[in-house]
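The values are calculated or read from the model by the stated rules, or taken from the named source; none is laboratory data. Given the structure is predicted, the values throughout are model-derived calculations rather than measurements. In this analysis, Cβ positions are derived from the backbone assuming ideal geometry, glycine residues included, and neighbour counts consider all displayed protein chains. The accessibility values were calculated without ligands, DNA or RNA, using every heavy atom of the protein model including side chains. Shrake-Rupley method; radii C 1.70, N 1.55, O 1.52, S 1.80 Å.
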Amino acid sequence: MSRIGIHSFVWSASSAQGDLERTLANTKEAGFDLIEFSYLDPANVDIGRLAKRIAELDLGVAISIGLPADGDISSADKAIAAHGVEILKRTIALTRDLGGQKVAGILSTSHGLQAQAPTRDQWNRSAGTLAKVAETAKAAGVTLNLEIVNRFESNLLNTAAQGLAFIEDIGSDNIFLHLDTFHMNIEEADIGLAIRHAADKIGYVHIGESHRGFLGTGNIDFAATFDALTAIGYSDDLSFESFSSEIVDENLSKKTAIWRNLWTDNMELARHARRFIAIGLETARRKAELVSSSHQL
Ligand SMILES: [Mn+2]
């Protein structure tokens, strides 16, 4: 059974201890199994206490980031690339210290609109670096899950097939794909077919609507998405991701172009998403049972 998670920015973009603990309480109250902290800045956080609270609430935890322009591991600038490695290593350690097993997000390049086409050198530099970072992650009991995002947010990996080729080049068994329905809806020929194609390399999934608001109120074919996840036997984590101008993170809100207020009541949004994903998965399972049942007399 997949754990159903929620992106922390549904609740708050703050890294203050009180806000983080409220985020955990809200996550539990809305019925989720896992919290995905994004850009968690540990400067003013008692990590031991936060880890204890996560364990007490019986929640899973994952951390997602997008590398910044001055920490792009695909850069030819050695100082920039080294800064990226430092960020990745810090994120791995933080994930481990919170009791988590997954680092997700845009890890192969910087997050944001690029003015240049990608190059083979850029690909090779990123792959070579990730091969080493994957070993650090493995020693910490953490996997790296590369989020495949649309063309406006990265120039290197925009489809699951590109991600598979990239992982093959890296040659590590500790790197997986982090797929996201919002991005897949823009770039993939077919979300369901792409999920089936990537099958056993999928380590993390974001469930987000085409406008990033309430699930089912946009144009994403969630029935096909849940059917494909069921068909490949996906039992790993699925997290709901939604953004509104209601919760603003200076960095991420701009990079992801969150200009509209798509919701104001985050508890209502979260409870709806939890039900939507659970019913979607259950419906897919029931359909799969029906089509495989011979109903022999
Ligand atoms: Mn995402």
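For every residue, the table says whether it meets (1) in contact with a Leu (Cβ under 8 Å, 6 or more places away or on another chain); (2) modelled with pLDDT under 95; (3) charged (D, E, K, R).
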position	(1), (2), (3)
Gly18	no, no, no
Leu24	yes, no, no
Thr27	yes, no, no
Ala30	no, no, no
Leu34	yes, no, no
Phe37	yes, no, no
Ala55	no, no, no
Asp58	no, no, yes
Considering only residues that are in contact with a Gly (Cβ under 6 Å, 6 or more places away or on another chain) and in a strand (DSSP E or B), look in the stretch 94-145 and name the one that is most open to solvent (accessible area, probe 1.4 Å).
Thr143
Which of the following residues is exposed (fewer than 14 other Cβ atoms within 10 Å of the Cβ) and charged (D, E, K, R): Asp72, Asp41?
Asp41
Checking Glu250 against (1) assigned to a loop (DSSP other than H, G, I, E, B); (2) surrounded by 18 or more Cβ atoms within 10 Å (Cβ to Cβ); (3) among the acidic types (Asp, Glu), which single condition isn't satisfied?
(2)
Among residues of the stretch 224-242 being in a loop (DSSP other than H, G, I, E, B) and in contact with a helix residue (DSSP H, G or I) (Cβ under 6 Å, 6 or more places away or on another chain), the residue nearest to the ligand (Cβ to nearest atom) is Ser242
Residues located in the stretch 188-223, provided they are in a helix (DSSP H, G or I) and either closer than 22 Å to Ser253 by Cα or within 16 Å of the ligand (Cβ to nearest atom) (or both)
Ile191, Ala194, Ile195, Ala198, Phe222
If I go through the stretch 10-54 residue by residue, how many of them are more than 23 Å from Leu229 (Cβ to Cβ), within 16 Å of the ligand (Cβ to nearest atom) and in contact with a Phe, Trp or Tyr (Cβ under 7 Å, 6 or more places away or on another chain)?
0
Qualifying position, being on the phi > 0 side of the Ramachandran plot and modelled with pLDDT of 95 or more, among Gly128, Gly99
Gly99
